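K.L.:
First the structure, which I've put down as structure tokens, then a few questions once you've had a look.
The values are calculated or read from the model by the stated rules, or taken from the named source; none is laboratory data. It should be emphasised that the depicted structure is a prediction, and the values quoted were computed from it without experimental measurement. Don't worry about glycine lacking a Cβ; one is built from the backbone with ideal geometry, like all the others, and counts go over all protein chains shown. Ligands, DNA and RNA are stripped out before the accessible areas are found, and what is left, the full protein with its side chains, is counted by its heavy atoms. Shrake-Rupley method; radii C 1.70, N 1.55, O 1.52, S 1.80 Å.
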Amino acid sequence: MKTELRGNSNTSISLQNPSSTLFSNPQSSLSGALNGCLGSLDGACIEKLLLHCASAFEHNDGTLAQQVMWVLNNVASLVGDPNQRLTSWFLRALISRASKVCPTAMNFDGGSTIRRRNMPVTELAVYVDLIPWHRFGFCASNSAILKAIEGYSKVHILDFSITHCMQWPTLIDALAKRAEGAPSLRITVPSCRPPVPPFLNVSSEEVGLRLSNFAKFRDLPFEFNVIDHGPSSFTSSDQIMSKESSHDLYFESLLNHLTPSMLDLRDDEALVINCQNWLRYLSDEQRGSNVQDSSLRDAFICTVKGFNPCIVVVVDEDSDLSAPSLSSRITACFNYLWIPFDALETFLLKDSSQRFEYESDIGHKIENIISFEGVQRIERLESGIKLSQRMRNAGFSSVSFCEDTVGEVRSLLEEHASGWGMKIEEDHMLVLTWKGHNSVFSTAWVPNASMQD
């Protein structure tokens, strides 16, 4: 007998029913635990099953891994409650991993089976507004930037983000209303972005043109530039996995192009470095064998520090998903990514296409964290605490968010479900929470020399 997990794609994942061997063997140490979990929706039980499967992979026990996945398949549902939906994406990632080890064991090709479309700009705006996952960072960062550039007539923002400049219309509008007069604004973005959703159906240049038109409407002098450093961004979802294998090479190339001359940095401009969900995609592994060789992530931070920016804002998801151990990554991932699934449950129907699209993008992340290793595992998120330590080690000091910023963020959260909240932690870090659990952090930094000045 076979059972199948089906999503909204044409892909089916077939698993052999192992119950005849698993549940009839009284010597199996897992038989009682797994049998008790059949049909269970309890998160603790699901996590236990996932860890059993991870342990099986780590001990090269393909039979046990398949047995546990069959049990998980009886719990998973893409249109069920948040636990069931989350389990579906973990199961897909585990089967993808298994197919790489033993491709003949299952009807699954091991590639990325989630087909994504490229969104129009108007739909992307709705996408980032569904929950405050992105808008929280936009709001906190923009407010910090506005304060940092007070008194400057020229501003240059180096924007490193994955949301296609959706942050900037609000800032442009605020700058146009500035009491001291609107400054001139330059925004520079890299041509390369991480191969992760959301994907847009227009180029960076077209995004810049739309921003330019909006700035013109608001009477704000504006310039938009794209750093051209070789191959263009990863825009085709059909080629994501092949692109990921050369992921570090693209960002090595970008780093080599981050020079004052290439960026046309000017002494009379206030320089802002904006990193939104970006640093996690820069490898945190040492690049060479020498002690002084730094990781790509540290090299990037050191490079931008050398530009002497007036502020660096860093926003990312507040979890540590970079452990070398598969079991550790599964535990951290499961205990963190339930948050967006639970939040979407509060206002979207179970069969909502919006909900499935948002969840499938989270599923893409889960697949990369669980299914891949080495250079192909590009999702290497670190917690806000670890990021803060990294920034301090690089010679940065944290900057507190003013009361106006805190007030703006609270007003934003009032537009969403009551489960969302905010707190302030060490290093003046603002943290978005869901039912008290950390979700996203926002931080602001300046080079130590600037603090002394």
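K.L.:
Taking the simple approach of a point 7 Å from Cα along Cα-to-Cβ for both Asn60 and Ala179, what is their distance in nm?
P.N.:
Calculated label separation equals 7.0 nm.
K.L.:
Moving on to the next point. Lysines within cross-link reach of Lys423: Cα-Cα under 23 Å, excluding same-chain residues under 8 positions apart?
P.N.:
Of all the lysines, those that pass the test against Lys423 - Cα under 23 Å, at least 8 places apart if same chain - are Lys147, Lys386, Lys435.
K.L.:
Which net charge results for the neighbourhood of Ser352, defined as the other residues with beta-carbon distances under 13 angstrom from its beta-carbon, given Lys and Arg at +1 and Asp and Glu at -1?
P.N.:
So the environment of Ser352 carries a net charge of -1.
K.L.:
What is the spin-label model distance, in nm, from Asn74 to Glu206 if the labels are put 7 Å beyond Cα along the C-beta direction?
P.N.:
Between Asn74 and Glu206, the simple spin-label model gives 4.9 nm.
K.L.:
So what does Lys350 come to for accessible area, using a 1.4 Å probe and Å² rounded to 10?
P.N.:
Its accessible surface works out to 90 Å², give or take rounding.
K.L.:
Give me the dipole magnitude in Debye, nearest 20, for region 275-382 about the Cα centre, with unit charges on the beta carbon: positive for Lys and Arg, negative for Asp and Glu.
P.N.:
Its charge dipole is roughly 280 debye.
K.L.:
Something else: Can you compute 3J(HN,Hα) from phi for each residue in region 149-161, using the Karplus curve 6.51 cos²θ - 1.76 cosθ + 1.60 with θ = phi - 60°, rounded to whole Hz and x for Gly and Pro?
P.N.:
Once θ is set to phi - 60°, the couplings for region 149-161 become 9, 4, x, 8, 9, 9, 10, 10, 10, 8, 9, 10, 8 Hz.
K.L.:
Measuring from centroid to centroid over Cα atoms, what is the spacing of region 413-453 and region 298-348 in Å?
P.N.:
13
K.L.:
List, in order, the whole-Hz ³J(HN,Hα) value for each residue of region 336-343 obtained from phi through the Karplus relation with A = 6.51, B = -1.76, C = 1.60 and θ = phi - 60°; use x for Gly and Pro.
P.N.:
Result, ordered by residue: 10, 7, 5, 4, x, 5, 5, 5 Hz.
K.L.:
Turning to a different aspect of this structure: Of Pro183, Asn201, Thr163, which is farthest along the charge dipole of region 117-232 in the positive direction, counting Lys and Arg as +1 and Asp and Glu as -1 at C-beta?
P.N.:
So the residue furthest toward the plus end is Pro183.
K.L.:
Name the residue farthest towards the positive end of the dipole of region 310-453 from the options Leu326, Ser411, Val312, assuming +1 on Cβ of Lys and Arg, -1 on Cβ of Asp and Glu, about the Cα centre.
P.N.:
Sorting the options by dipole projection puts first Leu326.
K.L.:
How do 337-347, 372-382, 84-94 rank on mean C-beta neighbours within 10 Å, highest first?
P.N.:
Those peptides, ordered most packed to least, come out 84-94, 337-347, 372-382.
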